[in-house]
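The values are calculated or read from the model by the stated rules, or taken from the named source; none is laboratory data. On a predicted model such as this, the values are computed, not experimentally measured, just so you know. Cβ sites come from the backbone with ideal geometry, for glycine too, and all protein chains shown count toward neighbours.
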């Protein structure tokens, strides 16, 4: 059986975004970029506490303050319940219910980097999935009936 890694993601909470620094310090770390509200940042296991502030390292090696993230650890259900070969045979649309309290970014492409957020689906909203999936950037993306894409680990699948 294929080993499935737990993915740890932090979703940016502040409306103004979040400074991403090259070191876990406001004084010594230089801002590399600003992550936008709702953006999903992949986290590593590296944690640093400096002057009572907890910092978490990102997969790209930079650092953010944990207090400004909603963190979730997930094992994508799609990876444990179905084999990728079975996906193209799926023709019946499925319903995915949005899990995060802050909603779910719906993008025009299956990518955080290249996909532009078209809208945010609210918690509890039922999204109609086409059955098409793509594995990209360490996540399983699901195509919606409207042609946009969402990450599957933030959905509860309904029959």
Next item on the list: State whether the residues of the stretch 51-66 include one that is under 30 Å from residue 133 (Cβ atoms), touching a residue at least 60 places away in the same chain (Cβ under 8 Å), surrounded by fewer than 17 Cβ atoms within 10 Å (Cβ to Cβ) and not assigned by TED's automatic domain parsing to the domain that holds residue 134.
Entry: no
Check: Considering only residues of the stretch 112-122 that are modelled with pLDDT of 90 or more and surrounded by 14 or more Cβ atoms within 10 Å (Cβ to Cβ), which is nearest to residue 36 (Cα to Cα)?
Finding: 117
Margin query: Could you check the stretch 26-48 and list, in sequence order, the residues that are without any contact (Cβ under 8 Å) to a residue 40 or more places away in the chain and in a strand (DSSP E or B)?
Written below: 31, 32, 33, 34, 35, 41, 43, 44, 45, 46, 47, 48
Checklist line | Whichever residue in the stretch 133-158 is part of a strand (DSSP E or B) and exposed (fewer than 15 other Cβ atoms within 10 Å of the Cβ) and, among such residues, is farthest from the chain's Cα centre (by Cα) | finding: 158
Next item on the list: Go over the candidates 128, 98 one by one and state the one that is modelled with pLDDT of 90 or more, crowded, with 16+ Cβ neighbours inside 10 Å and not assigned by TED's automatic domain parsing to the domain that holds residue 33.
Entry: 98
Next item on the list: Go through 44, 30 for me and flag whichever is touching a strand residue (DSSP E or B) at 6+ places or on another chain (Cβ under 7 Å), farther than 22 Å from residue 140 by Cα, exposed (fewer than 14 other Cβ atoms within 10 Å of the Cβ) and not assigned by TED's automatic domain parsing to the domain that holds residue 111.
Entry: 30
